[in-house]
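Q: Below is a structure I'd like to ask you about.
The values are calculated or read from the model by the stated rules, or taken from the named source; none is laboratory data. As the structure is a computational prediction, the values presented were derived from the model and not from experiment. Glycine also receives a Cβ, built like all others from the backbone with ideal geometry; neighbour counts cover every protein chain displayed.
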Amino acid sequence: MNQQIIYFPKDGKPTVVANEWQIWDGEHDEGGIPDLEHGFHKVLVPFHWWITHHKNPDVLDRVSKGEIGIWFAADDDILKHEDLIETGKTLWPVIGAHFPIFRDGRSFSTAALLRDRFEWQGEVRAIGDVLIDQLLQGARVGFDAFELRPDQNLNVALKQFDLFSVTTQNSWRVQRSTQEVN
Amino acid sequence: MYKYDHIDQTLVDQRVIQFRDQVERRLNGTLAEEEFRPLRLQNGLYHQRHAYMLRVAIPYGLLSAKQLRTLAFIADKYDRGYGHFTTRQNIQFNWVELEQTPDILAELAKVEMHAIQTSGNCIRNITSDAFAGVAADEYVDPRPVCELLRQWSTLHPEFAHLPRKFKFAINGAKEDRTVLLCHDVGIELKKNPNINNGELTANIYAGGGMGRTPIFGSLIKQDLPWQVLPSYLTALLRVYNRFGRRDNLYKARIKILVKALGPEEFARQVEGEWVQLHNEEIQSKDNFTQAEWGRVAKHFTKPAYQKLTVVSNEAILATTPEAERAAFARWLERNVKPHQVPGYASVILSLKPHGKVAPGDATSAQMNAIADLADQYSFGELRVTHEQNLVLADVEQSKLQELWQAAKQQHVAIPNIGLLTDIIACPGGDFCSLANAKSLPIAKAIQERFDDLDYLFDLGDISLNISGCINSCGHHHVGNIGVLGVDKDGEEWYQITLGGDQGNDASIGKVIGPSFYANEIPDVMTSIINTFVQHRAADEPFIDAYRRLGVAPFKEAAYKNNGKHSKESGKGAIV
Ligand code: HEM
Ligand code: SF4
């Protein structure tokens, strides 16, 4: 995992902050949440794992402490689980959306759906094969946190967000620029 | 013609800076080739057989004289003095250096051009009717919608990494000149007093495409008001982005998704997504406003036409010296098209001289000269056609004869528009690294074989399209005669299809049988054409004769000499 992430709140500036969330892939499922890396309390669990374990008292206890969030795989059909996500809105501090490889854009639509359709207000974090040149697109569809692949240069990454001062379609952050000139 | 406002200009300028940085990171090794690839493709930069190739967008085929001069300048300074106009209304430069592409993009930005999304798995350059705004059979000028959608799709963040490329075509005329149904999304614009208060509406066709699996798009939405195109297309693309196949490159196009779900189910899913988007406060802001329309549409008003009277061809011919009359008459018949405004005509400049250059190629000298012709005869504007020719759309009929003389000087006056030698061909094995076979030498050999204009005129309308591989860049599936390069045990072979057609009666051609060697192709063409000549009724066009007769007589003729060519003598002989 990357020790640092880029956090870019909707009305703020992008900054590098410490990463508090560990991502668990859901393997070696022994019923509860396994003891993950030492010193980390907060964990993003796979949504498919959440579906089966969200009633487990141990899980509920840790959720109530703000220590569990979920992440969507690129092929999770989030619209099939509207109820769980509606309830999750009061439970999870963070939702992750995974990029299995940088050129797989499904999680862009997942983020857009979370923002447009579920009106999710919390953090949406890009995880997985997240590279510098995806950040701008991610920021515009609804991501406000990015755990980059560890080999990526965070200083170069931070410069991506203000490359464009105009845009020709609406996004989660801003309305398209063309409207100003009317 | 559309003129950038400061937003459009800022966007392309900043895009140059972004791409320059990406190229620098590639060159200093901090960006791996595999990761750079989709980024350069989204800027039209391919790595081809011999060199990098840059594909520059010509949105809906519209070009100013000034822009064409810049393209000529780029061809001279950064390439080998020519460019290749493509079936998707772009231009390609085949010999550029990676290091220089940011500079080329900066040159383009100076004349309101770019290479954004001309390749890659994103929404590609939007194509339309080359005669938009002037065609006599047009009921809606599609260009304002094209331009609004160009802006909407440019650097669209959600659809930057789709499962595959995504192509839109937009048509607003009775005759479809866009191969609408062969696009991922075809938008057919209409105006009907009984629908949407007589405002513009769109019928949406989805899931068409050529390639390995040629399929025509299906009508999935009717009478969509133009204002809601962004939210509807967002819904459509979102369904595709989420559920298009990513496990298999060959099954990743939207046509496969539409086919797998069935058009009704696909339409239902899009509708479900759209209703959500459409109802929500935040998303309804996506819709185009009347003010946006006004801002864009004012660039597509009619040029300063004179009040002229219609001139008959006879009258035009009468002004021509006797000795040239026959040749000029041919040109009037094939290369001049009717116009909406009395006294004007549209002229097609043929980029298909017989056997001399690749179909669609123009040298920088030609580009400069043609730009001058555009200034002199057509309000400084041009269009690029799907058939890889150029159009001067607004020529006074009384000046046709003068223009013809000038066009002859540039070797773009050959009167073969719509005839057998007006060949559509992809770059094939000479340039393209995906090719199974060469296509340009085949085009050349056919043009040389059928070099007699009188004969070509007698044959009438026949489309001949050549692709170097099943990707179908040369649109062989919709050629009356299609030639497809195939690979058999490392050798180049050519498969023939018959019966394809574009336009309102579009159809996909059928393979006639086993493939041929390159040097057999001219003979095979001759056999097919002779069969047509033997069986045609009066002035029956090729496609009608084929539909009436079926494939059998053509097939028989094509194979009657089979075996004459040995493997050795056949192999690559004309290449
Ligand atoms: C030179 C390098 C080129 C490469 C690497 C390339 C690549 C491809 C590929 C991979 C496909 C297959 C898409 C599918 O799966 O259906 C395709 C199709 C196509 N390409 Fe190209 N192409 C090149 C040049 C061109 C040129 C020169 C043109 C126009 C003259 C063109 C226009 C098209 C068109 C119209 C299709 C038809 C496919 C459809 O509509 O479904 N491409 N190309
Ligand atoms: S059809 Fe094949 S050979 Fe021709 S340009 Fe396309 S990919 Fe290349």
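Q: Within the stretch A:119-133, take every residue that is among the β-branched types (Val, Ile, Thr) and under 8 Å from the mean Cα position of the chain (by Cα) and give me the one that is farthest from the other protein chains (Cβ to nearest Cβ).
A: Applying the first criterion (among the β-branched types (Val, Ile, Thr)) to the stretch A:119-133 yields A:124, A:127, A:130, A:132.
Then keep just the ones that are under 8 Å from the mean Cα position of the chain (by Cα); that gives A:124, A:127.
Details: A:124: 13, A:127: 16 Å.
Among them, the one singled out is A:127.
Q: Identify, by number, the condition in (1) within 16 Å of ligand 2 (Cβ to nearest atom); (2) modelled with pLDDT under 95; (3) not polar (S, T, N, Q) that residue B:423 doesn't meet.
A: That leaves (2) as the condition not met.
Q: Pick from the stretch B:119-140 the residues that are more than 16 Å from ligand 2 (Cβ to nearest atom) and within 14 Å of chain A (Cβ to nearest Cβ): which of them is nearest to residue B:390 (Cα to Cα)?
A: Of everything passing the filter in the stretch B:119-140, B:126 is nearest to residue B:390 (Cα to Cα).
Q: Can you tell me which residues in the stretch A:78-127 are part of a strand (DSSP E or B), under 21 Å from residue B:244 (Cα atoms) and touching a residue at least 40 places away in the same chain (Cβ under 8 Å)?
A: Scanning the stretch A:78-127 gives a single hit, A:97.
Q: I'd like to check something: does the stretch A:140-156 contain any residue that is more than 7 Å from chain B (Cβ to nearest Cβ) and β-branched (Val, Ile, Thr)?
A: Yes, because at least one residue in the stretch A:140-156 is more than 7 Å from chain B (Cβ to nearest Cβ) and β-branched (Val, Ile, Thr).
Residue-by-condition table, conditions (1) away from chain A (no Cβ under 14 Å); (2) more than 18 Å from residue B:503 (Cβ to Cβ); (3) within 15 Å of ligand 1 (Cβ to nearest atom):
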| position | (1), (2), (3) |
| --- | --- |
| B:176 | yes, no, yes |
| B:184 | yes, yes, yes |
| B:188 | yes, no, no |
| B:191 | yes, yes, no |
| B:208 | yes, no, yes |
| B:217 | yes, no, yes |
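Q: Name the residue, out of B:37, B:25, that is within 13 Å of ligand 1 (Cβ to nearest atom) and within 9 Å of chain A (Cβ to nearest Cβ).
A: Numbers: B:25 fails: within 13 Å of ligand 1 (Cβ to nearest atom).
On inspection, the qualifying residue turns out to be B:37.
Q: Please enumerate the residues belonging to the stretch B:281-300 that are within 11 Å of chain A (Cβ to nearest Cβ), at pLDDT 90 or above and in a helix (DSSP H, G or I).
A: Matches in the stretch B:281-300: B:290, B:291, B:292, B:293, B:294, B:295, B:296.
Q: Can you find, within the stretch A:100-118, the residue that is farthest from residue A:128 (Cα to Cα) among those that are more than 7 Å from every other protein chain (Cβ to nearest Cβ) and among the hydroxyl-bearing types (Ser, Thr, Tyr)? Break it down into steps so the answer makes sense when it comes.
A: At the first step, the residues of the stretch A:100-118 found to be more than 7 Å from every other protein chain (Cβ to nearest Cβ) are A:100-101, A:107, A:110-111, A:113-115, A:118.
Filter once more, so that each one left must be among the hydroxyl-bearing types (Ser, Thr, Tyr): A:107, A:110.
Values: A:107: 11, A:110: 14 Å.
Across the stretch A:100-118, the extreme among qualifying residues is A:110.
Q: Looking at the stretch B:233-280, which of its residues are within 16 Å of ligand 2 (Cβ to nearest atom) and within 14 Å of chain A (Cβ to nearest Cβ)?
A: As a first pass, look at the stretch B:233-280 and keep what is within 16 Å of ligand 2 (Cβ to nearest atom): B:249-250, B:252-253.
Of everything in the stretch B:233-280, those that are within 16 Å of ligand 2 (Cβ to nearest atom) and within 14 Å of chain A (Cβ to nearest Cβ) turn out to be B:249, B:252.
Q: Can you confirm whether residue B:519 is out of contact with any strand residue (DSSP E or B) (no Cβ under 7 Å at 6 or more places or on another chain) and within 14 Å of ligand 2 (Cβ to nearest atom)? Write out each step before concluding.
A: Details: out of contact with any strand residue (DSSP E or B) (no Cβ under 7 Å at 6 or more places or on another chain): yes; within 14 Å of ligand 2 (Cβ to nearest atom): no.
Considered against the rule, which asks whether it is out of contact with any strand residue (DSSP E or B) (no Cβ under 7 Å at 6 or more places or on another chain) and within 14 Å of ligand 2 (Cβ to nearest atom), residue B:519 comes out as no.
Q: Kindly indicate whether any position in the stretch B:482-491 is surrounded by fewer than 18 Cβ atoms within 10 Å (Cβ to Cβ), away from ligand 1 (no atom under 16 Å from the Cβ) and closer than 29 Å to residue B:365 by Cβ.
A: No, that holds for no residue.
Q: Check B:374, B:393, B:365, B:326 and return the single one that is in contact (Cβ under 8 Å) with a residue 40 or more places away in the chain, small (Gly, Ala, Ser) and over 27 Å from residue B:299 (Cα atoms). Walk me through it before giving the result.
A: Working: B:374 fails: over 27 Å from residue B:299 (Cα atoms); B:393 fails: over 27 Å from residue B:299 (Cα atoms); B:326 fails: in contact (Cβ under 8 Å) with a residue 40 or more places away in the chain.
Only one candidate passes the filter, namely B:365.
Q: With within 16 Å of ligand 2 (Cβ to nearest atom), over 21 Å from residue B:417 (Cα atoms) and not hydrophobic (A, V, I, L, M, F, W, C) as the only criterion, which of B:467, B:472, B:527 stands out? Lay out the reasoning, then the answer.
A: Working: B:467 fails: over 21 Å from residue B:417 (Cα atoms); B:527 fails: within 16 Å of ligand 2 (Cβ to nearest atom).
After ruling out the rest, the residue left standing is B:472.
Q: So, one more: Among (1) under 21 Å from residue B:65 (Cβ atoms); (2) surrounded by 20 or more Cβ atoms within 10 Å (Cβ to Cβ), there is one condition residue B:152 misses while meeting the rest; what is its number?
A: (1)
Q: Inspect the stretch B:499-512 for any residue being away from chain A (no Cβ under 14 Å), within 16 Å of ligand 1 (Cβ to nearest atom), over 30 Å from residue B:175 (Cα atoms) and of a type in the set (A, V, I, L, M) and give the result as yes or no.
A: no
Q: Continuing with the same structure: Looking at the structure I just gave you, is residue B:444 under 21 Å from the mean Cα position of the chain (by Cα) and either more than 16 Å from ligand 2 (Cβ to nearest atom) or under 12 Å from residue B:522 (Cβ atoms) (or both)? Show your work before the answer.
A: Values: under 21 Å from the mean Cα position of the chain (by Cα): yes; either more than 16 Å from ligand 2 (Cβ to nearest atom) or under 12 Å from residue B:522 (Cβ atoms) (or both): yes.
It is true that residue B:444 is under 21 Å from the mean Cα position of the chain (by Cα) and either more than 16 Å from ligand 2 (Cβ to nearest atom) or under 12 Å from residue B:522 (Cβ atoms) (or both).
Yes/no matrix, rows are residues, columns are (1) modelled with pLDDT under 95; (2) over 21 Å from residue B:299 (Cα atoms); (3) within 16 Å of ligand 1 (Cβ to nearest atom):
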residue	(1), (2), (3)
B:12	no, no, no
B:17	no, yes, no
B:57	no, no, yes
B:64	no, no, no
B:74	no, yes, no
B:78	no, yes, no
B:87	yes, yes, yes
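Q: Surrounded by 22 or more Cβ atoms within 10 Å (Cβ to Cβ) and among the β-branched types (Val, Ile, Thr) - does that describe any residue in the stretch A:63-70?
A: yes
Q: Has the stretch B:214-222 got at least one residue that is part of a helix (DSSP H, G or I), in contact with a Phe, Trp or Tyr (Cβ under 9 Å, 6 or more places away or on another chain), at pLDDT 95 or above and closer than 28 Å to residue B:505 by Cβ? First the steps, then the outcome.
A: Keep residues of the stretch B:214-222 that are part of a helix (DSSP H, G or I), which gives none.
No, the stretch B:214-222 has no match at all.
Q: Within the bounds of the stretch A:86-97, is there any residue that is out of contact with any Lys or Arg (no Cβ under 9 Å at 6 or more places or on another chain) and polar (S, T, N, Q)? Show your work before the answer.
A: At the first step, the residues of the stretch A:86-97 found to be out of contact with any Lys or Arg (no Cβ under 9 Å at 6 or more places or on another chain) are A:86-92.
Then drop every residue that is not polar (S, T, N, Q), which leaves A:87, A:90.
Yes - at least one qualifying residue is present in the stretch A:86-97.
Q: Scan the stretch B:440-457 and give yes if some residue there is surrounded by fewer than 24 Cβ atoms within 10 Å (Cβ to Cβ) and within 30 Å of residue B:341 (Cα to Cα), otherwise no.
A: Yes: the stretch B:440-457 contains one or more residues that are surrounded by fewer than 24 Cβ atoms within 10 Å (Cβ to Cβ) and within 30 Å of residue B:341 (Cα to Cα).
Q: How many residues are among the hydrophobic types (A, V, I, L, M, F, W, C) and within 16 Å of ligand 1 (Cβ to nearest atom) when one looks only at the stretch B:359-388? Give the derivation first.
A: First, the residues of the stretch B:359-388 that are among the hydrophobic types (A, V, I, L, M, F, W, C): B:362, B:365, B:367, B:369-371, B:373-374, B:379, B:382, B:384.
Those still in the list that are within 16 Å of ligand 1 (Cβ to nearest atom) too: B:362, B:384.
The total comes to 2.
Q: I would also like to ask the following. Considering only the stretch A:157-182, state which residues are surrounded by fewer than 18 Cβ atoms within 10 Å (Cβ to Cβ) and either within 17 Å of residue B:116 (Cβ to Cβ) or more than 9 Å from every other protein chain (Cβ to nearest Cβ) (or both).
A: Residues of the stretch A:157-182 that are surrounded by fewer than 18 Cβ atoms within 10 Å (Cβ to Cβ), as a first pass: A:158-159, A:161-163, A:165, A:173-175, A:179-182.
A:158, A:161, A:162, A:163, A:165, A:173, A:174 - these are the residues of the stretch A:157-182 that are surrounded by fewer than 18 Cβ atoms within 10 Å (Cβ to Cβ) and either within 17 Å of residue B:116 (Cβ to Cβ) or more than 9 Å from every other protein chain (Cβ to nearest Cβ) (or both).
Q: Related question: If residue B:491 satisfies every condition in (1) in contact (Cβ under 8 Å) with a residue 24 or more places away in the chain; (2) within 30 Å of residue B:217 (Cα to Cα) but one, which is the exception?
A: The single condition residue B:491 does not satisfy is (2).
Q: Tell me which residues, restricted to the stretch B:88-118, are closer than 19 Å to residue B:385 by Cα and within 16 Å of ligand 2 (Cβ to nearest atom).
A: Result: B:88, B:89, B:90, B:91, B:92, B:93, B:118.
Q: Would you confirm whether any residue within the stretch B:240-262 is outside any helix (DSSP H, G or I), more than 16 Å from ligand 1 (Cβ to nearest atom), closer than 22 Å to residue B:296 by Cα and not hydrophobic (A, V, I, L, M, F, W, C)? So that I can check it myself, show each step before the final result.
A: Filtering the stretch B:240-262 for residues outside any helix (DSSP H, G or I) gives B:244-248, B:252-253, B:262.
Subsequent filtering for residues that are more than 16 Å from ligand 1 (Cβ to nearest atom) retains B:262.
After this cut, where a residue has to be closer than 22 Å to residue B:296 by Cα as well, the list is none.
For the stretch B:240-262, residues outside any helix (DSSP H, G or I), more than 16 Å from ligand 1 (Cβ to nearest atom), closer than 22 Å to residue B:296 by Cα and not hydrophobic (A, V, I, L, M, F, W, C): absent.
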